[in-house]
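The values are calculated or read from the model by the stated rules, or taken from the named source; none is laboratory data. This structure is a prediction, so every number in the text was calculated from the model and none was measured. Here the Cβ positions follow ideal geometry from the backbone for every residue, glycine too, while neighbour counts run over all protein chains shown.
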Amino acid sequence: MKGRLIFPIVCLLFFVSYSWAITGLEIAQKVYSRNDGRDFYVQMQMTLIDKHGQQRIRTMVMAEKDYGSLRKVFIRFLSPADIKDTTFLAWENKDREDDQFLYLPALRRVRRIVSSKKDNSFVNSDFTYEDMERRKPQKDVHTLLREERYQGWDCWVLQSIPKKNSHSQYGKIISWIVKGIYIPVRMDLYNRKGELIKQFLVHKLKCIQGIWTATDTEMINLKEHHRTRLVVKDIKYNLGLSDEMFTKRYMSR
Amino acid sequence: MRCLLSVICQDKLFKTIFFLCLLLLKFDTQAMASFSDLELNGYVWTKFSTDMNKDNEYEDLYEWRDEFRLRAKGNLSECFDFLVSLDMDYIWYKNEDADEEIDPHLFEAYFTTHFSKFDFRLGKQIVRWGKTDEVSPVDNVNPQDMREFIVRNLEGRKIPIWMAKLDFYPNDNWEIEGIFIPFFKDDQIDFWGRDWALFNHTKRAIKQSVLPPSAKTLLLNSSVIYHKPSKNFKNTEWGLRVAGTVNKYDVAFSYLYTWSDMPVLKSDLFQNDFSLYAQSGLNTYLTHLNWNSIADPNIHALFYRTHIWGVEMETTWGDFGVRGELAYTKGTRFMNTNFRISKHDTLFYVLGVDYLSANNFYLNLQFSQQIIFNYCPIIFFKHINNGLHGRLSQDLLRGKFVPELEFYWNLSDRSYYLNPELKIHFVDNWILKTGLNIFEGNRDTLFGNFDNCDQIYFYVEYDF
């Protein structure tokens with residue numbers, strides 16, 4: 001699936017030093033504004049792998065729709081049985097705090113949840129809520145470090161450091177952005193102490209309906225020796241998803 | 001018209017309409033073609049509990065409870081879905097009065113039609129009103145299984161009832177919900193023979209008491225006679241709820257015309273004053289009975305009409321979730337300490353906050369206050385009843401181990417319930433729990449009444 005999908009983290013990385021004619025900020029802007037369709041619907045599998053190799057598999061569907069100043073995300077878990085039908089809805093607002101809702105079948109009601117805790121883990125995976133959202137390029141200082149070939153792709157290597165007044169759990173992110181596609185295929189994520197804590201890798205990139213999509217990705221927590229692999233089983237773009245899908249009403253259906 | 005409505009509300013007819021609707025859809029071949037969407041799922045759990053102390057000779061020292069639920073859920077089309085679930089619940093306890101029957105029964109059974117502006121659901125269902133957790137004054141639609149007091153959580157205690165529900169959505173922000181309940185269903189409670197029963201082991205105590213044989217016979221033959229509202233239109237229940245969002249505040253306003261699900265009891269056996277029983281025990285209470293005034297030794301369970309107006313609110317303030325509810329109830333009946341039934345209006349509200357830290361420490365605190373108007377001394381309730389409910393938990397190893405503490409603390413009578421628990425979720429679909437149920441308080445308090453029910457338990461659940 002496309003980078004924004006799985007790790008809109010992707011959209012974080014960019015910088016200010018330049019090589020040739022392009023600057024880090026320009027690369028970051030291109031990643032952020034890359035064409036990724038008006039909406040998409042994806043089925044995916046999330047595998048949590050601990051340091052002993054023990055796996056826990058979750059399957060889910062995710063839908064996203066862009067409304068310009070507003071982005072709506074719907075996630076529903078299909079398995080395992082003990083979390084089946086748990087549904088998450090986010091309305092990512094441009095100018096104010098996001099609205100987030102959780103439907104737990106056992107509670108039989110939709111609950112508004114706090115959206116400001118971006119550094120919380122997403123369903124015990126190695127992704128945090130910050131990793132799942134699109135981060136505006138203007139929030140970071142982007143530096144183009146070099147150009148190099150990575151896994152067969154010609155890449156820009158970019159460094160992104162959050163500006164003083166912008167909140168982030170990370171102190172620095174180094175990204176390998178594929179030229180012409182504007183998708184990061186590797187990201188090294190550092191904490192505020194400068195320690196490398198996580199690594200994001202793209203194992204497969206596919207062009208689906210004319211949109212480049214990362215279909216097999218992995219987030220590795222280097223401190224806890226824990227990994228989360230996300231594999232796209234099926235994705236469709238520009239379906240014209242109905243607005244109803246992104247409502248509290250639909251969550252409990 | 002009134003007569004016609006009365007007929008419609010007859011139990012058999014209502015259920016027949018429900019199954020006829022299902023049957024009619026069954027013969028829609030196009031709908032059958034998409035029947036592959038049928039999902040089967042459910043769970044089975046077993047819980048073994050043992051008392052921490054032997055408080056008296058009649059106690060159930062061990063208890064075993066199991067539940068199996070099978071759910072079938074399907075879509076016959078984009079705008080029509082259904083759910084049917086079967087439930088088998090079994091409680092075993094070491095007592096000669098124990099009912100060891102497994103009771104397989106239909107749990108939920110409903111279908112829902114979805115249109116652009118409204119949804120309609122008909123059948124046996126659970127409807128949850130309210131925003132707060134566990135203590136929810138506005139949530140009075142379904143009766144509850146109170147056979148183990150509040151040891152099961154609120155959602156687990158709910159009993160589905162036959163109901164028609166219509167939700168109208170004038171826009172994305174607002175919802176108007178109407179419900180109609182044709183048949184009254186009361187809370188499930190045990191009266192005799194268990195630690196959790198209302199009169200716990202009174203009959204066994206009477207058998208071994210020093211009372212004259214004639215008095216023993218009289219008491220042992222007493223039974224509970226229910227006076228439930230008959231099935232007619234006049235006795236139906238209905239409610240209306242308007243819910244919506246204003247800025248970042250989710251609010252709701254509701255009205256419910258209902259029956260109290262928990263009975264109030266009346267009997268010639270209830271004499272003198274409750275404090276005599278609470279302070280001196282059963283034997284003293286029995287020896288003070290005026291046997292000549294007992295014309296009817298039975299206990300009569302009475303149900304009364306109530307009107308409930310509710311307000312709900314939920315929002316987030318910074319890192320905190322904030323929620324609250326308020327219910328004004330007209331016509332609640334209570335049993336006074338002199339065993340007379342009195343009618344009161346009550347105001348009951350709950351305010352709560354919850355917080356989840358970055359390292360998955362969760363805190364949920366709720367303050368509740370119930371005010372009883374025109375107060376006179378009432379069993380278990382004071383004029384103003386303040387309470388604190390809380391839940392603290394910490395996810396360890398990505399949710400594989402979760403130590404948790406839940407508590408209810410009645411600030412007015414200083415009684416409390418504590419439930420420390422360790423949840424082990426090492427393998428998907430398997431949940432293991434072990435913990436304690438601790439009740440403390442005087443015998444004339446709600447929690448103190450279950451002081452003999454302190455337990456340690458082990459629980460295993462498999463979801464499929």
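Can you spot a residue in segment A:35-58 that is modelled with pLDDT under 90, of a type outside the set (Gly, Ala, Ser), surrounded by fewer than 21 Cβ atoms within 10 Å (Cβ to Cβ) and out of contact with any Pro (no Cβ under 8 Å at 6 or more places or on another chain)?
There is at least one residue in segment A:35-58 that is modelled with pLDDT under 90, of a type outside the set (Gly, Ala, Ser), surrounded by fewer than 21 Cβ atoms within 10 Å (Cβ to Cβ) and out of contact with any Pro (no Cβ under 8 Å at 6 or more places or on another chain).
Just checking, does segment B:391-404 include any residue being within 14 Å of another protein chain (Cβ to nearest Cβ), on the phi < 0 side of the Ramachandran plot, β-branched (Val, Ile, Thr) and in contact with a Leu (Cβ under 6 Å, 6 or more places away or on another chain)? Write out each step before concluding.
Of segment B:391-404, the ones within 14 Å of another protein chain (Cβ to nearest Cβ) are B:391, B:393-402.
Now narrow it down to the ones that are on the phi < 0 side of the Ramachandran plot: B:391, B:393-396, B:400-402.
Subsequent filtering for residues that are β-branched (Val, Ile, Thr) retains B:402.
Subsequent filtering for residues that are in contact with a Leu (Cβ under 6 Å, 6 or more places away or on another chain) retains none.
Checked segment B:391-404: no residue is within 14 Å of another protein chain (Cβ to nearest Cβ), on the phi < 0 side of the Ramachandran plot, β-branched (Val, Ile, Thr) and in contact with a Leu (Cβ under 6 Å, 6 or more places away or on another chain).
Residues that are assigned to a loop (DSSP other than H, G, I, E, B), among the aromatic types (Phe, Trp, Tyr) and under 22 Å from B:Tyr349 (Cα atoms): does segment B:199-206 have at least one? Working first, answer last.
Our first condition is that a residue be assigned to a loop (DSSP other than H, G, I, E, B); within segment B:199-206, this holds for B:199-201.
Narrowing the set further to residues that are among the aromatic types (Phe, Trp, Tyr) leaves B:199.
Subsequent filtering for residues that are under 22 Å from B:Tyr349 (Cα atoms) retains none.
No, there is no match, as no residue in segment B:199-206 is assigned to a loop (DSSP other than H, G, I, E, B), among the aromatic types (Phe, Trp, Tyr) and under 22 Å from B:Tyr349 (Cα atoms).
State yes or no: is B:Asp119 within 14 Å of chain A (Cβ to nearest Cβ), surrounded by 18 or more Cβ atoms within 10 Å (Cβ to Cβ) and closer than 30 Å to B:Ser49 by Cα? So that I can check it myself, show each step before the final result.
Working: within 14 Å of chain A (Cβ to nearest Cβ): yes; surrounded by 18 or more Cβ atoms within 10 Å (Cβ to Cβ): yes; closer than 30 Å to B:Ser49 by Cα: no.
Against the criterion (within 14 Å of chain A (Cβ to nearest Cβ), surrounded by 18 or more Cβ atoms within 10 Å (Cβ to Cβ) and closer than 30 Å to B:Ser49 by Cα), B:Asp119 does not qualify.
Restricting to segment B:250-277, name every residue that is assigned to a strand (DSSP E or B) and among the aromatic types (Phe, Trp, Tyr). Step through it out loud before you land on a result.
Kept after step one, since they are assigned to a strand (DSSP E or B), are these residues of segment B:250-277: B:250-259, B:264-266.
Correct list: B:Phe253, B:Tyr255, B:Tyr257, B:Trp259.
How many residues, within segment B:126-161, are more than 10 Å from chain A (Cβ to nearest Cβ) and in a strand (DSSP E or B)?
Residues meeting the conditions: 3.
Let me confirm something: among A:Leu102, A:Leu89, A:Leu70, which residue is within 13 Å of chain B (Cβ to nearest Cβ) and without any contact (Cβ under 8 Å) to a residue 24 or more places away in the chain?
Exactly one residue qualifies, and that residue is A:Leu102.
State which residue pairs qualify: first residue at pLDDT 95 or above and inside segment B:176-205, second residue in a helix (DSSP H, G or I) in any location, beta carbons under 6 Å apart, and separation of 6 or more residues or different chains.
B:Pro182/B:Phe14; B:Phe183/B:Asp11
Give, as residue ranges, the strands (runs of 3 or more DSSP E) completely inside segment A:148-253 that count at least 1 residues that are under 30 Å from A:Gln54 (Cβ atoms).
On the way: elements: A:153-162, A:172-178, A:184-190, A:196-208, A:211-221, A:226-237.
Because the criterion is at least 1 residues that are under 30 Å from A:Gln54 (Cβ atoms), the strands (runs of 3 or more DSSP E) in segment A:148-253 that meet it are A:172-178, A:184-190, A:196-208, A:211-221, A:226-237.
Working carefully through the options B:Lys248, B:Lys234, B:Lys228, find the one that is of a type in the set (D, E, K, R) and under 30 Å from B:Leu282 (Cα atoms). Lay out the reasoning, then the answer.
Details: B:Lys248 fails: under 30 Å from B:Leu282 (Cα atoms); B:Lys234 fails: under 30 Å from B:Leu282 (Cα atoms).
Going through B:Lys248, B:Lys234, B:Lys228 in turn, the sole match is B:Lys228.
For B:Phe464, indicate whether it is loosely packed, with under 15 Cβ neighbours inside 10 Å, more than 14 Å from chain A (Cβ to nearest Cβ) and in contact (Cβ under 8 Å) with a residue 40 or more places away in the chain. Before the answer, list the steps.
Details: loosely packed, with under 15 Cβ neighbours inside 10 Å: yes; more than 14 Å from chain A (Cβ to nearest Cβ): no; in contact (Cβ under 8 Å) with a residue 40 or more places away in the chain: yes.
No: the conditions fail for B:Phe464.
Among the residues of segment A:129-151, is there at least one that is of a type in the set (A, V, I, L, M, F, W, C), closer than 23 Å to B:Phe361 by Cβ, within 14 Å of chain B (Cβ to nearest Cβ) and crowded, with 18+ Cβ neighbours inside 10 Å?
As a first pass, look at segment A:129-151 and keep what is of a type in the set (A, V, I, L, M, F, W, C): A:132, A:141, A:144-145.
Filter again for closer than 23 Å to B:Phe361 by Cβ, leaving A:132.
Narrowing the set further to residues that are within 14 Å of chain B (Cβ to nearest Cβ) leaves none.
No, segment A:129-151 has no match at all.
So, in segment A:165-196, of the ones that are of a type in the set (Ser, Thr, Tyr) and under 17 Å from the mean Cα position of the chain (by Cα), which residue ends up modelled with the lowest pLDDT? First the steps, then the outcome.
Step one: list which residues in segment A:165-196 are of a type in the set (Ser, Thr, Tyr), which gives A:166, A:168, A:170, A:175, A:182, A:190.
Then keep just the ones that are under 17 Å from the mean Cα position of the chain (by Cα); that gives A:168, A:170, A:175, A:182, A:190.
Numbers: A:Ser168: 88, A:Tyr170: 94, A:Ser175: 97, A:Tyr182: 94, A:Tyr190: 96.
Here the answer is A:Ser168.
Looking at B:Leu446, B:Leu411, which is the one that is more than 20 Å from B:Val353 (Cα to Cα), more than 13 Å from every other protein chain (Cβ to nearest Cβ) and among the aliphatic types (A, V, I, L, M)? So that I can check it myself, show each step before the final result.
Details: B:Leu411 fails: more than 20 Å from B:Val353 (Cα to Cα).
Testing whether each residue is more than 20 Å from B:Val353 (Cα to Cα), more than 13 Å from every other protein chain (Cβ to nearest Cβ) and among the aliphatic types (A, V, I, L, M) leaves just B:Leu446.
Looking at segment B:351-360, which of the residues that are within 11 Å of chain A (Cβ to nearest Cβ) and among the hydrophobic types (A, V, I, L, M, F, W, C) is surrounded by the most Cβ atoms within 10 Å (Cβ to Cβ)?
In the first step, residues of segment B:351-360 are kept if they are within 11 Å of chain A (Cβ to nearest Cβ); the result is B:353-360.
When the remaining residues are screened for being among the hydrophobic types (A, V, I, L, M, F, W, C), the result is B:353, B:356, B:358.
Working: B:Val353: 17, B:Leu356: 19, B:Ala358: 13.
Once the filter is applied, the top-ranked residue is B:Leu356.
Could you check segment B:361-379 and list, in sequence order, the residues that are within 14 Å of chain A (Cβ to nearest Cβ), aromatic (Phe, Trp, Tyr) and surrounded by 15 or more Cβ atoms within 10 Å (Cβ to Cβ)?
B:Tyr362 - this is the single residue of segment B:361-379 that is within 14 Å of chain A (Cβ to nearest Cβ), aromatic (Phe, Trp, Tyr) and surrounded by 15 or more Cβ atoms within 10 Å (Cβ to Cβ).
Inside segment B:199-217, can you point out the residues that are of a type in the set (A, V, I, L, M) and surrounded by 17 or more Cβ atoms within 10 Å (Cβ to Cβ)?
Going through segment B:199-217, the residues of a type in the set (A, V, I, L, M) turn out to be B:205-206, B:210-211, B:215.
B:Ala205, B:Ile206, B:Leu211, B:Ala215 - these are the residues of segment B:199-217 that are of a type in the set (A, V, I, L, M) and surrounded by 17 or more Cβ atoms within 10 Å (Cβ to Cβ).
Say we look at segment B:178-198 and pick out the residues that are buried (at least 20 other Cβ atoms within 10 Å of the Cβ) and assigned to a strand (DSSP E or B); which of these is nearest to the other protein chains (Cβ to nearest Cβ)?
Here the answer is B:Ile179.
Tally time: how many residues in segment B:278-327 are more than 14 Å from chain A (Cβ to nearest Cβ), part of a loop (DSSP other than H, G, I, E, B) and among the small types (Gly, Ala, Ser)?
2
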